[in-house]
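**Q** The structure is given below, and queries will be raised subsequently.
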Amino acid sequence: MKKWKTPKVKNLLLNDIELKIFSLFLAVIIWYFIIGQEVKETILYVPIEYKNLPSSLQMMGEARNVLEVTIKGPAAFLKRLTPQDIRITLDLSDAQKGSRTYYQKDFIIDVPFGVSVTKIYPQAIKIDFGTIVRKGVRIKLNVVGECPYGYRLKSYKIEPNEVLVEGVEETVNKLKYISTDTVDISNLTANKDLVVSLSGEIEGISILQPTSVKVHLNVEEIITEKIIKKLKLEIGDKRKVITYSASNVDIVIQGPVRLLENINLELFRPYLETAGLATGVYTLPVKINYPDDFKSYIKIISIEPDKITVRIK
């Protein structure tokens with residue numbers, strides 16, 4: 001009958017001696033840092049990661065994004081622990097339109113080995129969910145400043161004049177328009193075409209398309225009227241005129257306000273054309289002589305009197 005040899009105790013102890021020594025050393029280290037140290041608690045403020053929100057819903061208002069987490073573990077671990085070492089997630093896959101309260105049991109909290117969570121605050125959070133809709137909204141030009149003196153913005157045209165937006169139904173339905181970025185017209189004295197972006201910082205609203213528009217600015221000079229009184233009438237040939245019914249004339253001129261404000265009134269000279277007339281009494285129209293350079297943008301609106309009676313010898 002064959003006999004089995006029993007391994008000696010010495011052989012059992014010496015086999016893989018290096019591995020056994022390392023395991024013993026590792027066990028001592030783990031015991032020291034996890035079991036052998038003083039256990040303490042600390043508080044960390046950890047961000048919440050929301051995931052799996054249905055595409056047809058959106059969180060409304062300002063949802064809480066941080067929880068106060070009390071952590072318990074060895075003092076050496078806690079000293080090195082940061083909020084980035086802890087992960088808090090909340091699965092929203094079963095969310096529906098309306099309000100819902102989530103409790104501590106609903107949060108998935110991942111912490112490093114050797115520490116544990118003893119408390120979170122608040123223990124429950126309430127989240128409002130709204131249905132996401134899309135809608136076309138009018139675009140409004142956001143103009144700042146004023147045109148230089150004598151000019152004004154007469155009109156503007158936006159192409160396209162409507163933008164597609166997306167957001168919570170209640171918010172989108174209240175939205176009356178989307179503004180463009182600011183357009184400064186303080187140096188504008190002529191028509192101008194430009195491309196302007198739409199304002200994107202609207203809470204609860206996403207601008208889908210377009211994100212910019214073409215704008216045509218229509219600028220015009222401000223036209224006004226000015227009265228010039230008691231202009232002395234000039235006669236073409238005074239030697240032939242014995243009498244005339246009026247010697248002064250009032251006129252009304254029209255033109256750009258920037259020009260009429262400081263215009264030289266002596267440039268306007270009313271006169272009667274009497275050259276070639278025979279002896280007799282005539283009622284003649286009053287004519288106004290002024291520089292040809294002005295005639296393209298300054299008009300004579302009225303003359304009073306517009307006719308004068310003269311006697312020619």
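The values are calculated or read from the model by the stated rules, or taken from the named source; none is laboratory data. Worth saying up front: this structure is predicted, and the values here are computed from it rather than measured. All Cβ positions, even for glycine, are placed from backbone atoms using ideal geometry, and neighbour counts span all protein chains on display.
**Q** List every residue pair whose Cβ atoms sit under 8 Å apart, with the two residues 6 or more apart in sequence or on different chains, where the first one lies in region 272-293 and is at positive phi and the second, anywhere, is assigned to a strand (DSSP E or B).
**A** GLY280/ARG311; GLY280/ILE312
**Q** Would you be able to say whether some residue in region 191-208 is surrounded by fewer than 18 Cβ atoms within 10 Å (Cβ to Cβ), outside any strand (DSSP E or B) and either more than 15 Å from the chain's Cα centre (by Cα) or not assigned by TED's automatic domain parsing to the domain that holds TYR156 (or both)?
**A** Taking every residue of region 191-208 in turn, at least one turns out to be surrounded by fewer than 18 Cβ atoms within 10 Å (Cβ to Cβ), outside any strand (DSSP E or B) and either more than 15 Å from the chain's Cα centre (by Cα) or not assigned by TED's automatic domain parsing to the domain that holds TYR156 (or both).
**Q** Would you confirm whether or not region 86-96 contains a residue that is on the phi > 0 side of the Ramachandran plot, at pLDDT 90 or above and surrounded by 11 or more Cβ atoms within 10 Å (Cβ to Cβ)?
**A** To start, the set of residues in region 86-96 that are on the phi > 0 side of the Ramachandran plot comprises none.
Checking region 86-96: not a single residue is on the phi > 0 side of the Ramachandran plot, at pLDDT 90 or above and surrounded by 11 or more Cβ atoms within 10 Å (Cβ to Cβ).
**Q** Can you tell me which of THR243, THR180, THR211 is of a type in the set (Ser, Thr, Tyr) and surrounded by 15 or more Cβ atoms within 10 Å (Cβ to Cβ)?
**A** Sole residue among the options that is of a type in the set (Ser, Thr, Tyr) and surrounded by 15 or more Cβ atoms within 10 Å (Cβ to Cβ): THR180.
**Q** Return the pairs, sorted by first residue and then second, in which the second residue is assigned to a loop (DSSP other than H, G, I, E, B) and polar (S, T, N, Q), the first residue lies in region 115-127 and is in contact (Cβ under 8 Å) with a residue 60 or more places away in the chain and assigned by TED's automatic domain parsing to the domain that holds THR89, the beta carbons are less than 9 Å apart, and the residues are 6+ apart or on different chains.
**A** Listed pairs, sorted by first residue: none to list.
**Q** So, in region 68-99, how many residues would count as being in a strand (DSSP E or B) and in contact with a Leu (Cβ under 9 Å, 6 or more places away or on another chain)?
**A** 7
**Q** Here's another thing I want to ask about it. So which residues in region 35-52 are modelled with pLDDT under 90 and in a loop (DSSP other than H, G, I, E, B)?
**A** Of everything in region 35-52, those that are modelled with pLDDT under 90 and in a loop (DSSP other than H, G, I, E, B) turn out to be GLY36, GLN37, GLU38.
**Q** Do we have THR309 as touching a Lys or Arg at 6+ places or on another chain (Cβ under 9 Å) and not small (Gly, Ala, Ser) here?
**A** For THR309, the condition - touching a Lys or Arg at 6+ places or on another chain (Cβ under 9 Å) and not small (Gly, Ala, Ser) - is not met.
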